[in-house]
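First comes the structure, then the notes that go with it.
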Amino acid sequence: MKFSKHLNTKFFYQLLSLVFAIFLFIFVNSAQFSPTRSATSSNLMSNNKSVTVKMPVKIKGQSSDEFISGVPSEVEVRLIGPSAQVTAASNTKNFEVYIDVTGLKQGNHQVKLEHTGLNREVGVKFDSETLNIKIAAKKVKSFPVQVRYNSDNIADGFLAGTPKLNYRKVTVIGAKHDVNNIAMVVANINLPYSIKENFSGSVFLEALDKNGRILDVDFEPETVKVNLPIYTATASKKVSINLIHTDGQKGYNYQLSSDTKSVILHGTKQALDNISVLNVPVSVAGITSTKTKTIQVQAPVSGILSISPTTITVTITVLGNDSNSESERVDNSIENNLKQNNQSNHEQNNTSVSNGSTSASSSSASD
């Protein structure tokens, strides 16, 4: 019994030694190989890259007589994947971001942003996966461009002259309802504070309704180049305005009115001395019913550096087409002339008969 007990004790210690040896082997090998595994994992992480780029949004399946609003000109796209692939895609931008509206009818829709042209190993993430768009009937119309700026940004003792544009008119493309509600197309100049020299630059356009709300439309061209001269101020003068209609149609009468009765001219004293009233021409071409127009006030002579306000609102009242009344007056005149001629001939005939009777009486008496 003692021998058996001693054998069991010896076996137990041998087993315990073996377990300890195995544990020690695993620990040592783990310490040797863990840096390699860590380096491998680090290398894998360093090979991945994430880059955010801006991409234009294209529209597929759009009809030529439709306009789609709610589509931003650009969206931010996050590219995730192998460093080489992501770098190439972000540098070349040789892929597309688009929405597909094929088969969609006019109205409001929610559409998904999609992409094509990227390597399959590159993942894509958008800030917003969908867009809320509106499909409507399209209308194209030409509008004059008006320049606006904050005159408070012009330095004391200086004035802005008349702005010059490379495009006086632009084409507006948009939903029919929005284009019909356009009150003006403006180029808003962001003047530096206390500016003392001429401004020149390309300015984005905006279409505004009568309440000043910006309408979602497109322009051709998208920008205009504006040159705004800045002069040293000399003198100013307040003068009344005289509205003069031009390009009127024959037979129509027009009445012009405006809430703006006078403007302030800034310029040289010599130029201002020669102006007491500012004539403002208003084109009434094609107008056959009462309409309101925004008119750009132009300097009539050199030496006028600026006019305030630069635009006025004019109401054109068409009093009626008097071509019919004119025709009636002509017809009545012809009729009166005919009556006068007939009456004159009748009187001449009566006089001739009367003279003949007198002669006959005389002859009878002499006989």
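The values are calculated or read from the model by the stated rules, or taken from the named source; none is laboratory data. Just so we're clear, the structure is a prediction, and the values are computed from it rather than from any experiment. Because the Cβ atoms are built from the backbone with ideal geometry, glycine has one as well, and the counts that use them run over all protein chains shown. With ligands, DNA and RNA removed, areas are computed over all heavy atoms of the protein, side chains included. Shrake-Rupley method; radii C 1.70, N 1.55, O 1.52, S 1.80 Å.
Counting only heavy atoms of protein chains, what accessible area per residue, in Å², does the stretch 51-190 have with a probe of 1.4 Å?
For the stretch 51-190, the per-residue accessible area is 56 Å².
Tally up the carbon and sulfur contribution to the accessible surface of the stretch 77-171 as a whole percent, 1.4 Å probe, everything protein left in place.
44
Tally Lys/Arg at +1 and Asp/Glu at -1 over every other residue whose Cβ is under 13 Å from the Cβ of residue 82; what's the total?
In short, +1.
Count charges around residue 112 for me, please; just the other residues with Cβ under 11 Å from its Cβ, Lys/Arg as +1, Asp/Glu as -1.
So the surrounding residues net to -3.
With every protein chain left in place, what is the accessible area of residue 245 in Å² (1.4 Å probe, nearest 10)?
Looks like 80 Å² after rounding.
Give me a comma-separated list of calculated 3J(HN,Hα) values for the stretch 200-212, in order, Karplus coefficients 6.51, -1.76, 1.60 applied at θ = phi - 60°, integers in Hz, x for any Gly or Pro.
8, x, 8, 10, 6, 9, 9, 9, 10, 8, 5, 9, x
Could you give the accessible area per residue of the stretch 208-296, probe 1.4 Å, as a whole number in Å²? Walk me through the numbers on the way to the answer.
Working: 5320 Å² over 89 residues.
Computed with neighbouring chains in place, this is 60 Å² per residue.
Amide H neighbours of residue 71 under 5 Å, at least 5 residues apart or on other chains, H built in the peptide plane: list them.
Hits under the 5 Å cutoff: none.
Can you list residues whose amide H is under 5 Å from residue 311's amide H, if they're 5+ apart or on another chain and H is modeled 1.01 Å from N?
297
In terms of modelled amide H atoms, which long-range or inter-chain residues lie less than 5 Å from the amide H of residue 147?
Excluding prolines and chain starts, which carry no amide H, the hits are 187.
Could you tell me whether the stretch 194-246 comes out rounded, prolate or oblate from its Cα gyration tensor? Rule is a ≥ b ≥ c as square roots of the eigenvalues, rounded for a/c under 1.5, then prolate if a/b exceeds b/c, otherwise oblate.
In terms of gyration-tensor shape, oblate.
Here are some pairs, 169/210; 176/210; 58/112; 93/125; 134/291; which of them have Cα atoms lying more than 22 Å apart in this structure? Don't skip to the answer; put the middle values down first.
Numbers: 169/210 19 Å; 176/210 16 Å; 58/112 12 Å; 93/125 15 Å; 134/291 30 Å.
Exceeds cut-off: 134/291.
Hey, if you drop one equal point scatterer on each alpha-carbon of the stretch 145-276 and run the Debye formula without solvent, what base-10 log of I(q)/I(0) do you get at q = 0.10, 0.11, 0.14 Å⁻¹?
Debye output, listed in q order: -0.47, -0.57, -0.88.
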